[in-house]
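Chemist: If you scroll down you'll find the structure; I have some questions about it.
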Amino acid sequence: MQHHSNKPGSDPRVHLKTSKHQACPECFRSKETCICGKVKSFATHLRVIILQHPQEQYKLLNSARLANQILENSKVLVGLSWPNFKGVAGENEQPSNWGILYLKSGGPQSSKPCRVFGRNKKPLDDTSFLRGIVALDGSWKQAKTLWWRNPWFLKLNRITLNPAHPSLRGQTKQEGLSTIEAIALALNCLGEQKAVSSYMFEQYEQLIIRSV
Ligand SMILES: [Zn+2]
């Protein structure tokens, strides 16, 4: 089973929130910690769609908006359910050409940093057909809710991550990766330029981790 991100021993700052009336309308952070205009952006080949559980939006350690500002080809949708894949990704997209980040734990560790599994659950070697990835932004429990409410997730390929290092957020479990870390790892392993993922890690540490 996966581990809840609020387990004892995990970073206590995960619960801190920006008060709604003080939040920047773009990044949902306070004036002092606003990240807008502070980062470079990169055009990746893969599109990135972040589906954010509404309870995550104002969390100070949340990294979805930062990922969104760094990745030109990305968007954040806040909600609990979306009727179908095309409503989220666009009419011309096919779920079979997309992957969803699937954070699992337990079982033997793979030596590969990430693996992509097709709908038939078989691992895929060639992932060059992928056009985009979907990442769920929320605790394990919130992500489970999103899976439950959006059965179309099952139509996407699954991307599992096996990070070499624990999260910068101070969690030891690999499934405790923040959203931006998970996206960076996935992009890196799916062939995007390393400069993009290293920049994402770097800015996450500077603008989010150190601001709390
Ligand atoms: Zn802002």
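Chemist: Calculate, for L154 and E93, the FRET efficiency according to 1/(1 + (r/R0)^6) with r their C-beta to C-beta distance and R0 22 Å; round to the nearest 0.05.
Modeler: 0.85
Chemist: Here is a follow-up. Can you sort S96, S19, S81 so the residue with the fewest Cβ neighbours within 10 Å comes first? Don't jump to the answer; show the numbers that get you there.
Modeler: Values: S96 15, S19 8, S81 12.
Ranked by crowding around the Cβ, least crowded first: S19, S81, S96.
Chemist: Most exposed first by the Cβ proxy, i.e. fewest other Cβ within 10 Å, how do K20, K86 rank?
Modeler: With the sparsest Cβ surroundings first, the list reads K20, K86.
Chemist: Oh, and also: List the aspartates and glutamates whose Cα sits under 15 Å from the Cα of K155, skipping any in the same chain fewer than 8 residues away.
Modeler: Answer for K155, where 15 Å is the Cα cut-off: E93, listed by chain and number.
Chemist: Would you please calculate the Kirkwood hydrodynamic radius of the chain over all C-alpha pairs and express it in Å, rounded to one decimal?
Modeler: The answer is 17.3 Å.
Chemist: Related question: Can you tell me which lysines have their Cα less than 30 Å from the Cα of K40? Leave out same-chain residues fewer than eight positions away.
Modeler: Those lysines meeting the cut-off are K17, K20, K31, K59, K75, K86, K112, K173, K194.
Chemist: At a Förster distance of 35 Å, what's the computed FRET efficiency of L16 paired with N120, Cβ-Cβ distance as r, to 0.05?
Modeler: With R0 = 35 Å, the Cβ-Cβ based efficiency is 0.25.
Chemist: Here's a follow-up. Relative to the Cα centre, what is the charge dipole magnitude of the chain, using +1 at the beta carbon of each Lys and Arg, -1 at the beta carbon of each Asp and Glu, and rounding to the nearest 20 debye?
Modeler: 500 debye
Chemist: Another one. Please enumerate, by chain and number, the aspartates and glutamates with C-alpha under 17 Å from the C-alpha of K141, excluding those fewer than 8 residues away in the same chain.
Modeler: In chain and number order, the partners are D11, E56, E175.
Chemist: Given a cut-off of under 8 Å on Cα pairs at least six residues apart, what relative contact order in percent is computed for the chain? Before the final figure, lay out the partial values.
Modeler: Working: 375 pairs, mean separation 55.3, N = 212.
In percent, rounded to a whole number, it is 26.
Bear in mind these aren't lab numbers, they're just calculated from the coordinates by the rules spelled out. Every value quoted in this text rests on a predicted model; they were computed, and no experiment measured them. All Cβ positions, glycine included, derive from the backbone under ideal geometry; neighbour counts span all protein chains shown.
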